[in-house]
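I have placed the structure first, in the form of structure tokens, so that the comments after it can refer back to it.
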Amino acid sequence: MLIDEYCSAFLRDECEISGSTDRLLNAMFKAARQLIPLLNLEGQGIQDLLHHHIRVLDDVDPYFGPAPPIEHCFRAIEALGFGRDQVRRIRFVPKAGTSTAYASALNIDEDLRVVGNLESGAIWYRILTHEVGHLLGNTFSPRWPSIVSDPIFPYWGELLAELPSLFASTAPVLQAVLEIEGSEAAEVAAAMRRSKAIEFIIGALRAEFSIEVWRDASSSFDEIYHRISAIYGLAEPEPNVFFPPAIKSVTVPLFVHQAFGACVAPILAQFVSNRATKLWQPPIVAPLLIGELYPLWSKRSVVDYLLDNGCELTASELIDSLELI
């Protein structure tokens, strides 16, 4: 699908928003604004937040050693209950010149790859487990979602990728993966949670900025940056801190989908965790993901799923979920 066609479909159902989707987006934005004073981030710049959520993890980086955490990633996904054969066929391919990693979009003869400028540290543990999460979702989903029929379905992509990453950052999994004491695992998990909370704010900011770009065609990018920063109580931003692409239409789907991964995945993880506790010994969650959440990707919206399972989609509920996963 061409970018313009995709964005036309997206805008039709998402940027002229009503009902439960509007409710969820408003909860995301409200939660992010409340998190800023809770985390003592008032007055910082947006660029500061982009760097701060990584710096939060500096103190726990030594636990992951000097090499890219590829083996840690394998151990974590296996600890969540995915079979060794399902995980070990994924290949990690170093590629210089990129600032992050990405999962290959295709499953060709079961050749699954995560490609990127692989580095060491806790943030790369999170990135790699997220990208493997994409490949797991692609493997177990019955089909790719239809963007035309309902643009909300793509939100499952970032959500399902983020779930393994979130669970891989919990203390029980970290204790097994890093082979450390429970108190040390709790320390690493706490740093991961704080970093995730800051990433939540960044995701909401990007989503609100992206939607505003489409709603206000008369303002420049910089004018919208300043307006959104003021709403969130942040310092004046540097130009282009959100790194918008040259084609403005790319911005909305990319940032809103990523925001759903950062902001909504924790509450979905909380639900999965509660169910897994009843059905399997935690942190085993793979059976629930494979049996319930992956098949839903092509069948219904995330918002409806959350509402039907008891979520109220309030700002306080989203904030609480960051501490409970």
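Please report the relative contact order for segment 166-212, taking Cα pairs under 8 Å with a sequence separation of at least 6, and give it as a percent rounded to a whole number.
After rounding, I find 28 percent.
The modelled label-to-label distance for the pair residue 179/residue 220, using points 7 Å beyond Cα in the direction of Cβ, is 5.6 nm. Ranked by the mean number of other Cβ atoms within 10 Å per residue, highest first, peptides 265-273, 188-196, 82-90, 216-224 order as 265-273, 188-196, 82-90, 216-224. Listed values for segment 302-307 are Karplus-derived 3J(HN,Hα) couplings in whole Hz (6.51 cos²θ - 1.76 cosθ + 1.60, θ = phi - 60°), namely 4, 4, 4, 4, 5, 5, and x replaces Gly and Pro. Summing Lys and Arg as +1 and Asp and Glu as -1 over all other residues whose Cβ lies under 11 Å from the Cβ of residue 176 gives a net charge of -1. Highest average first, the peptides 123-129, 38-44 ordered by how many other beta carbon atoms sit within 10 Å of their residues are 123-129, 38-44. Add +1 for every Lys or Arg and -1 for every Asp or Glu among the other residues with Cβ under 13 Å from the Cβ of residue 82, and state the total. Counting the neighbours of residue 82, the net charge comes to +2. Inter-label distance, residue 55 to residue 316: 3.3 nm, where each label sits 7 Å from its Cα along the C-beta direction. Using the Karplus relation 6.51 cos²θ - 1.76 cosθ + 1.60 with θ = phi - 60°, the per-residue 3J(HN,Hα) values for segment 181-190 come to 6, x, 5, 5, 4, 5, 5, 5, 4, 5 Hz, with x marking Gly and Pro.
Residue-wise HN-Hα couplings along segment 123-130, as the Karplus relation 6.51 cos²θ - 1.76 cosθ + 1.60 with θ = phi - 60° gives them from phi, are 5, 6, 4, 5, 4, 5, 5, 5 Hz; Gly and Pro carry x.
Using amide H atoms built in the peptide plane, which far-off residues or other-chain residues are under 5 Å from residue 113 H to H? Answer set, sorted by chain and number: 91, 104.
Charge tally for residue 192 (other residues, Cβ to Cβ under 14 Å; Lys, Arg +1; Asp, Glu -1): -3.
Computed from the coordinates by the stated procedures, all read-outs in this text should not be read as laboratory data. Note that the structure is a prediction, hence the values are computed from the model and not measured. Please note: Cβ atoms are built from the backbone with ideal geometry, for glycine as well, and neighbour counts cover all protein chains shown.
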